[in-house]
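Have a look at the structure below before the remarks.
We did not get these values from a lab; they are worked out from the coordinates using the rules stated. Note that the structure is a prediction, hence the values are computed from the model and not measured. Here the Cβ is made from the backbone with ideal geometry for all residues, glycine too, and neighbour counts use every protein chain on show.
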């Protein structure tokens, strides 16, 4: 019996090591390129663009993919623009990450806590943009009181493709995924009726990467 227990324990330790390495290696690279398998399936879809969302314990990852046109137009009257509105549905606080091609190396963070006026905050968000893809990594620490369920508005304006009536996707909901050790064991087929209730397995896995939340 003792030998069987040690073998089982060895399998569990090995599982955590392999799974954690695999997850870290799959963290999306913010380079403006949607590499196959990097983001999985779109979280939200409109007729004009796709949105991909992932999270880990430290960051929210968001990718915009236009289905036509370009985010990097040329000419004085052209527009390429992405806005990500992140909202707490309970308090109506809103964090808006705003990019426009006329200042292509800058992203601004605007914060509003009704009824207070909008503020401009310093952001540590990183991003990359190419003709058809915009990728963004947002530190969850900047969204101090966001909660587990997030409401989103998305603005994706691609020159030659969208206009001000088609560039919006409003009122999308996303629940952050925070895996526990029990989630990992169950997801990898480890048997055991007590896994879901064992106190030691209900702790969050630190620094977990590339986790799909739930989009509604």
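Summary of values
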{"quantity": "Added length on full extension, which subtracts the Cα-Cα distance from 0.36 nm per residue, residue 173 to residue 92", "calculated": "27.8 nm"}
{"quantity": "Length released on extending from residue 140 to residue 108, taking residue separation times 0.36 nm less the Cα-Cα span", "calculated": "9.9 nm"}
{"quantity": "Spin-label proximity, residue 74 to segment 142-175 - amide N less than 19 Å from point 7 Å beyond Cα toward beta carbon", "calculated": "158-161"}
{"quantity": "Two-site label geometry, residue 67 and residue 124: point separation in nm, points 7 Å out along Cα→Cβ", "calculated": "3.7 nm"}
{"quantity": "Where labels lie 7 Å past Cα in the beta-carbon direction, separation of residue 116 and residue 166 in nm", "calculated": "3.9 nm"}
{"quantity": "Burial ranking of peptide ranges 141-152, 83-94 (average Cβ count within 10 Å, highest at the top)", "calculated": "83-94, 141-152"}
